[in-house]
Amino acid sequence: MKKVFSFLLVLGLFVGLVGCGSKSKTPSEPLDLTGTWISDNGEGTYHEAIITNDTIEINWMGMGDDTKSLYWYGSFTAPTTAEEEYTWTSKTDHTKTDSAMLASQDETKVFTYKDGVISYEASAMGTTKNVKLEKKDK
């Protein structure tokens, strides 16, 4: 009788612990977009973005000749949740962009992250293109 009671007690504790464990959901980490991101470089030049905790810097990169020209330098607001899609508006830092000949003249730029890609509109010489960046070191 004691063995049956002990077995039922242990079984009850086990079921209780397993039940509690399955009900509690582990909180997800916020989306981390920091790092180096690059666009497709099939057209001779491409964009490279470096995102830190509070800034985003985007450069035009030349294929094969190691040239780099600043396109955007602005604020970055990191996500605070683990959402699959994230949009933020970056405000330009004129102390960085005013002396850069190929820098965007926009005061703000909207960036969207979805399905592993950061996208935004880039304009140069009257032409606007939707740029898509993927993380360099996945």
### Task
Of the conditions (1) closer than 16 Å to SER123 by Cα; (2) surrounded by 14 or more Cβ atoms within 10 Å (Cβ to Cβ), LYS96 clears all except one; give me its number.
(1)
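Could you please find all residues in segment 90-116 being in a strand (DSSP E or B) and out of contact with any Gly (no Cβ under 9 Å at 6 or more places or on another chain)?
VAL110, PHE111, THR112, TYR113, LYS114 - these are the residues of segment 90-116 that are in a strand (DSSP E or B) and out of contact with any Gly (no Cβ under 9 Å at 6 or more places or on another chain).
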### The one condition in (1) part of a strand (DSSP E or B); (2) over 12 Å from the mean Cα position of the chain (by Cα); (3) of a type outside the set (Val, Ile, Thr) that SER119 fails to fulfil
(2)
### Query
Looking only at segment 21-34, which residues are assigned to a loop (DSSP other than H, G, I, E, B), open to solvent by less than 50 Å² (accessible area, probe 1.4 Å) and modelled with pLDDT under 95?
LEU31
### Query
Looking at segment 7-18, is at least one residue at pLDDT below 90, touching a Phe, Trp or Tyr at 6+ places or on another chain (Cβ under 7 Å) and over 17 Å from PHE111 (Cβ atoms)?
no
### Query
What tally of residues in segment 28-58 results from selecting those that are within 15 Å of ALA122 (Cβ to Cβ), within 13 Å of the chain's Cα centre (by Cα) and β-branched (Val, Ile, Thr)?
2
### Summary
Filtering segment 59-86 down to residues that are open to solvent by less than 80 Å² (accessible area, probe 1.4 Å), closer than 23 Å to ALA124 by Cβ and not in a loop (DSSP other than H, G, I, E, B) yields ASN59, TRP60, MET61, GLY62, SER69, LEU70, TYR71, TRP72, TYR73, GLY74, SER75
#### Entry: Extreme residue, nearest to VAL117 (Cα to Cα), among residues of segment 35-58 that are in contact (Cβ under 8 Å) with a residue 40 or more places away in the chain and open to solvent by 30 Å² or more (accessible area, probe 1.4 Å)
ILE38
### Task
Give the number of residues within segment 118-138 that are at pLDDT below 85 and open to solvent by 90 Å² or more (accessible area, probe 1.4 Å).
3
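The values are calculated or read from the model by the stated rules, or taken from the named source; none is laboratory data. Everything numeric in this text was worked out from a predicted model, so none of it was measured. Neighbour counts run over all protein chains shown; Cβ positions are idealised from the backbone, glycine included. These accessible areas exclude ligands, DNA and RNA; they are computed on the full protein's heavy atoms, side chains included. Shrake-Rupley method; radii C 1.70, N 1.55, O 1.52, S 1.80 Å.
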